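Peer 1: Quick one: structure below, then a few questions.
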Amino acid sequence: MRDPYTVLGVPRSASEKDIKSAYRKLAKKYHPDQNPDDPSAHGKFAEATHAYDLLNDAEKRGQFDRGEIDAEGNPRFAGFGNGGFGGGAGRGARPGAGGGAGGFSAEDILKEFMSGFGGQPRGGARPGGGAGGAQWDPFAGGATGAAGAGAGARMKGDDVVVNATVSLEEAHKAASVPVRMPSGKMLNVKLPEKVEEGQQIRLKGQGTANAFGEPGDALVTVRFEKSKVFRRDGHDVRTDVSVTLYEAVLGAKVRVPTLDGSVELNLPPGVDTGKALRLKGKGLYGDGDLYVNIRVVLPPGGDPDLEALARFMRDQKPYKVRES
C-alpha cells in the first residue's frame, strides 16, 4: 500500500476537510459503478478508500504520522534494539511471563505492541487482565490464560472488495475470469454455477496482509456487463435477428445467436414480426428460454418491383394492422 497522503494527493498538513474533499473526488472518478469495465479503476477506488479510512481516523492518522503503524494500518516493530527481545531470549523466542536478561518483561513487550493499537489490542483483552483474567498474546493473535477466550484465534488482515464484470456467456458457462486485486495482482476466478448478479465470491487469503496473523480475504462481487447481442429478463434472454422480406413471406432457415453458440431456426412462412419466436431452454443456465424478435429489413436503395407490388397491395388488397 502506498503512502495514504500520496494516494489522496494531499500534504501531511492537510485538514480533515481537505482529506474528505480529496477522497470524494477520487471516489467519484474511480467508483466501480462509473467504471464497470476498468479493473484498474476498481483498484484505485479501493486504494483511495483504504487511505481515507486511515487518515479520517484521528487516532490512526496520529499513529501513522508518528511511525507507529504502516500504510496498511499494521503496527511497526520498534524499540527492541539489535538483540531481539534481549540477551536471554533467542531470535525466534516468544516473550514469557518473567522476561529475559535484557530487562523486558512480558508486560513491557505487550505494552510495546499495544501502543500501535491505541493502548488496547484488537481483540479487546488487556495484558494480564480483561474478561476472566485473559492475557493477550500478540504472537498467537488470541487471548490465553484463565478464561481462554479467543484461544487459538489468529488476527486477520482486512478484507478487500473487488468487482468482477462478466459477460452473460461467461456466467452461463461458469467460466474462469481474470480479476485484478487492489494490489495490482491478477487472479483467475472460477465463477460458481448459476452465478447471480451481485453475488460475492470469497477468495481466502487474498486480502490485506497482517504482520501478526493470516491475511484477510478478497470478496469478489459479480456484475453482469451490458451485452450488445442479448437482453436479460431474469433467466430468459432476448435477441434480435434481421431477415429479408422474402424470408419473412416465404419462410426460411436462419442462424440465430444463443449463449451456447449459433443455432438454426426454422422461420415459418408469413411470420408475424410482432411476436417473438421462443427457443425453449436456450436462456441463461438452461433454466430460461431464448426469445427471438424478427426484424424485416427492406432492400437498400429501394426497388421498383417492390414498390409496384406495394402499390398493388395498397390499392387492390389492403388490410388493417392498426385500429382506425
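Rule-based calculations on the coordinates, nothing more; no lab input. None of these values were measured; they are calculated from a predicted model. Every residue, glycine among them, receives a Cβ derived from its backbone with ideal geometry; neighbour counts consider all protein chains shown.
Peer 1: Cα-Cα over 22 Å: which of 28/228; 190/228; 156/190; 173/226; 25/190; 253/282?
Peer 2: Over 22 Å Cα-Cα: 28/228; 190/228; 156/190; 25/190.
Peer 1: Oh, and also: Sorted by average packing, counted as other Cβ atoms within 10 angstrom per residue and highest first, what order do 290-299, 269-278 take?
Peer 2: For the peptides 290-299, 269-278, the packing ranking is 290-299, 269-278.
Peer 1: What ³J(HN,Hα) values, in whole Hz, does the Karplus curve 6.51 cos²θ - 1.76 cosθ + 1.60 give for region 298-314 when θ = phi - 60°, with x put for Gly and Pro?
Peer 2: Whole-Hz 3J(HN,Hα) from phi for region 298-314: 7, x, x, x, x, 8, x, 5, 5, 5, 5, 5, 5, 5, 4, 4, 4.
Peer 1: Let me ask something else. Under the 0.36 nm per residue contour assumption, what length would be gained going from the current alpha-carbon distance of residue 176 and residue 66 to full extension?
Peer 2: 35.2 nm
Peer 1: If packing is taken as the average count of other Cβ atoms within 10 Å, what order do 22-33, 170-181 fall into, highest mean first?
Peer 2: 170-181, 22-33
Peer 1: If each residue of separation counts as 0.36 nm, what is the full-extension length gain between residue 194 and residue 221 once their alpha-carbon separation is subtracted?
Peer 2: 8.3 nm
Peer 1: Now a separate question. I want the local charge near residue 238. Using Cβ-Cβ distances under 9 Å, sum +1 for each Lys or Arg and -1 for each Asp or Glu among the other residues. Don't jump to the answer; show the numbers that get you there.
Peer 2: On the way: positive: 231, 232; negative: 233, 236, 240.
Within the 9 Å Cβ shell, the charges total -1.
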